[in-house]
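Below: one structure, written as structure tokens.
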Amino acid sequence: MTPPVAPPYGSRVSARGPRVPTVRWSWDVLLPLALTVLAQVELHLPHSTESAPATVPHSLLLLGATAPLALQRRLPLAAPALAAAVWAVEPLLFPVANTFAVPLTVLGLAPLAATRWAPGPRRALLGSAVVLALVVLEGVGNEQFGLGGAVANGVFGAVAAYAGHAWRRTSTQRRLAEERAQLERAAREDADRALGAERTRMARELHDVLGHGLSVVLLQARGARRVLADDPAAARTALDEVERAAVSSLREVRLLMDVLRLPAGGPGPQPGLEDVPALVEGVRRTGTAVALRLPQPLPQLPAALGVSCYRVVQEGLTNALRHAPGAAVAVEVVRSGGHLVLQVDTGPAPGAGPGAGPGAGPGAGPG
């Protein structure tokens, strides 16, 4: 099944048929078109030229001085240069038209468009230089104003070019500020996601610590209660183990709390693969037979991976104590190639039926 495709920018979806493209009308299109219409009206008014009204070739020529600027955004170099070039050749072919719209369009919009829409500062400088040279050339060729007209054209054109440059710089700064704001929002969202993931990890850590510690405490307390009258020494040993398990669990809980309080940096030492024998020994004191097999020498693991291995074994032992109390447990850690394989196997619980089988809790991670 082909996934749906989002409609292209600048188009709308019709409820009765396929997508219908639409044209985005903005000031850079509407203003040159309006000035083009105004210029053509002015050319056909009395006193617009020495031979008013203007001839058709003259009107068509000046149409090329205004209409191309409607494409200034798409052709930021060619459109202003074409408009200025057409206006520059007018004094060479026809009497200069006495209009307001044509000089306003060429002197105002052409230099501004060359600097506002050009794809890069160098092209903006080149485009504005070409346009300014052409409008000055128009003033030189215009016998009515002469050198003064050339200077005026250059001044007005330079002001318009600078306005386009300032507009371009302001728009660029605004766009960069919006991009920075978007990046900052994305960074905050990433930080929030990372914080959520860390909180989830801490909750799992807390569950593992408390689950294992309370399971050991519960089994030892039950054993102590059963032998308290007949074997006070055994009961005392079980209560000592309750104290040890409680102290160990509290130490790990405090370590997790310290991690939550730290604004930066790392916490204190956390358990790793080298602490698995002590973990297993604590379970053995509950009366559970635990066989342990570790690779020798122990591999040097990253801290995060060492903690994960410890937690996997801890979770497996906790599940064995909780769901199969008294059953023999085998813990095996094997390094195979580039992987570290952890296996926690639980035998049948005492008194289980013949259909009961061993349980397993494997875990693996890259070594």
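No lab work stands behind these numbers, since they all come straight from the coordinates. If you're wondering where the values come from, they're calculated on a predicted model, not measured in any experiment. A quick note on method: Cβ atoms are made from the backbone with ideal geometry, for glycine too, and the neighbour counts reach across all protein chains shown.
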Apply 1/(1 + (r/R0)^6) to the Cβ-Cβ distance of Arg284 and Ala197, taking R0 = 30 Å, and write down the FRET efficiency to the nearest 0.05.
0.30
Mean Cβ-within-10 Å packing, highest first, puts peptides 332-341, 172-181, 307-316, 232-241 in the order 307-316, 232-241, 332-341, 172-181
Given charges at beta-carbon only (K, R positive; D, E negative), |dipole| of segment 39-160 in Debye:
680
What nm distance separates the two modelled labels at Arg222 and Ser26, each placed 7 Å from Cα along Cα→Cβ?
7.5
Calculated FRET efficiency for the pair Glu184/Thr55, C-beta based, R₀ 51 Å, to 0.05
0.25
Using a 10 Å cut-off on Cβ atoms, rank the peptides 182-188, 74-80, 131-137 from the highest mean neighbour count down.
131-137, 74-80, 182-188
Net charge around Gln343, counting only other residues with Cβ within less than 11 Å of its Cβ (Lys, Arg = +1; Asp, Glu = -1)?
-1
Mind pulling up the Rg/Rh value for segment 24-178? Radius of gyration and Kirkwood radius, both on Cα.
1.00
Under the 0.36 nm per residue contour assumption, what length would be gained going from the current alpha-carbon distance of Phe145 and Leu92 to full extension?
17.6 nm
For Leu239 and Arg335, compute 0.36 nm times the residue count separating them, minus their Cα-Cα distance, and round to one decimal in nm.
30.9 nm
